[in-house]
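Working notes, beginning with the structure itself.
The values are calculated or read from the model by the stated rules, or taken from the named source; none is laboratory data. Keep in mind that this is a model prediction, so the values were computed, not measured. In this analysis, Cβ positions are derived from the backbone assuming ideal geometry, glycine residues included, and neighbour counts consider all displayed protein chains. Quick note on the areas: whole protein, heavy atoms, side chains included, nothing else; ligands and nucleic acids left out. Shrake-Rupley method; radii C 1.70, N 1.55, O 1.52, S 1.80 Å.
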Amino acid sequence: MNKNKILSDFKNKLELFYRNFGSDWEIKDFSKNDNIQIMLRDYLIILEKKGVIKFLDDNKFRIIDLPSNHLDI
Amino acid sequence: MGIADKLDNAVLYIDNLFKGARQRAIAKYGKEAEELIYVKFNKDGGAAAEIIDHYGQLGIDVLKKVNKIDDTAKELVKNKTVYRAVNETTYNFHKLKAQGIIDASPEQYPTYVSLDKYNNADIIKSKLQLPKKPTWVAEFDGNQILSDVRLPNGKYLTAEYKEVLCKSYPDLGDGGGSQFITNSPIKIKRLINLETGEVINFK
C-alpha cells in the first residue's frame, strides 16, 4: 500500500474514531507495524501544526478537531 | 501468492466468519433459512444468516419481505428503541448531554448504533468490540433514522462483507452485538450513565 493511501485511510479513521469512540489514542491503536507507526507519527506532527490533534506524549495524542474541517491536510 | 490465491483466501476468511451463524440459523429454521441464505441473499448469505441467528423469526420475516440486504436495516429498526454507546471524549458529547442531540454526519463518517440493550460498560465494550470503554448509553426512537439506516461493512467500512453483528476485531472483545450506521440527525430520549446510573431525560 502506498504512503498516500495509508495516510488517507489514517485520516479517515481518525475522524470515524473521534465521532464514534473518543478523542484519546495511541499510535499503536492504528498500526502494529513499526515503519507505518513512524509514518503516522510524522503525519501527526503535521496534524498538530494544523490544530487537528495535540500530542500528550511521544505516542499518545488527542484529537481536538475533525480532520474534515481542514481541507489542506 | 497469486491474485487468485489471495481471492480464494479472502472468500475462505469471510466464509469462516459467518459459518457458525449459517449452521445455527439452518439448524433452527431449516429449509426456510437455507433458501434465504443460499438462494435469495446468496452474495450476502452470511449477513442473512446472522440476521436469522440474532433476530430469530423477526429476521426470517424481514428477509422474506425485502430484496436487498441493506433494506433489512430499516425493517429491523422500525418502531424500535435504538442505542448508542459513547464516552465523554466522543465528538460533541457535551451537546449530546446538554441538548440530547447527535448532529447529522457526512456520509463517509457515519454514526454507529445498536438494537441491543446492555447495562454494563464492560459488556458493551466486548459485545460491540469497541476500542474504548463507554461511560454513557443514549436511547432514541429508531424511526428517526429510517431514511438512511444501513448495515455497515466490516473493519470500519473497509471490508467487502456486511457486518450485521460485530466480529471483525476479536482482540477487542467477544463481539456478537448488533450494529447499524446512519448519517441522520438524532434526538435522544434518554442518556444513561453506566457508572452512576444517572439518567438524563430529554423532551
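Odds and ends about this structure:
- Ranked from largest to smallest solvent-accessible area, with a 1.4 Å probe on the protein heavy atoms, B:TYR161, B:TYR156, B:TYR91, B:TYR38 come out as B:TYR38, B:TYR91, B:TYR156, B:TYR161.
- With all protein chains modelled, accessible area of B:LYS189 [1.4 Å, Å²]: 90 Å²
- Put simply, the amide H of A:GLY22, placed in the peptide plane, has neighbours under 5 Å in B:TYR91, leaving out anything fewer than 5 places away on its chain.
- Area of A:ILE38 that stays accessible when all protein chains are in place (1.4 Å probe, Å², to 10): 90 Å²
- Helix B:45-55 axis, angle to chain B major axis (alpha carbon atoms, nearest 10°): 50 degrees
- 14 Å beta-carbon shell around B:LYS64, net charge (K/R +1, D/E -1): -2
- Label point of B:ILE101 set 7 angstrom out along Cα-Cβ; within segment B:182-203, amide nitrogens under 20 Å from it belong to B:182-192, B:200-203.
- Local net charge near B:GLN99, Cβ-Cβ under 12 Å (Lys/Arg +1, Asp/Glu -1): +3
- Among B:GLU139, B:GLU160, B:GLU195, A:GLU48, the order of accessible area from largest down is B:GLU160, B:GLU195, A:GLU48, B:GLU139, computed with a 1.4 Å probe on protein heavy atoms.
- Build a GNM of chain A with springs between Cα atoms under 10 Å apart, and of A:ASN12, A:ASN20, A:ASN59 the one that fluctuates most is A:ASN20.
- Prolate/oblate/rounded call for segment A:3-57, Cα gyration tensor, a/c under 1.5 rounded: rounded
- Overall form of chain B: prolate. Here a/c, set by the Cα gyration tensor axes a ≥ b ≥ c, is 1.5 or more, and a/b is the larger of a/b and b/c.
- Taking amide hydrogens as placed 1.01 Å from N in the peptide plane, the amide H of A:ILE53 sits under 5 Å from those of A:GLU48, A:ILE64, each at least 5 positions away in sequence or on another chain.
- Taking each DSSP H run with n ≥ 4 as -39500 (n - 2.57) and averaging over every residue of chain B yields -11500 deg cm²/dmol at 222 nm.
- A:GLU48 versus B:ILE123: modelled label distance in nm, points set 7 Å from Cα along the beta carbon direction: 4.1 nm
- Kirkwood Rh, angstrom, the protein assembly as shown [1 / mean 1/r, Cα pairs]: 19.9 Å
- Between segment B:100-127 and segment B:29-82, the Cα center-to-center distance that results, in Å: 21 Å
- Distance between the pseudo-spin-label points of B:GLN23 and A:LYS60 (7 Å out from Cα toward the beta carbon): 4.3 nm.
- Applied to segment B:169-185, the Karplus parametrisation 6.51 cos²θ - 1.76 cosθ + 1.60 on θ = phi - 60° returns per-residue 3J(HN,Hα) values of 10, x, 6, 9, x, 5, x, x, x, 6, 9, 9, 10, 8, 10, 6, x Hz, with x for Gly and Pro.
- Top of B:ASN153, B:ASN42, B:ASN143 by mean-square fluctuation, Gaussian network on chain B, Cα under 10 Å: B:ASN42
- Cα centroid separation, segment B:155-177 to segment B:186-203: 27 Å.
- The angle separating the long axis of helix B:3-35 from the principal Cα axis of greatest extent in chain B is about 80 degrees.
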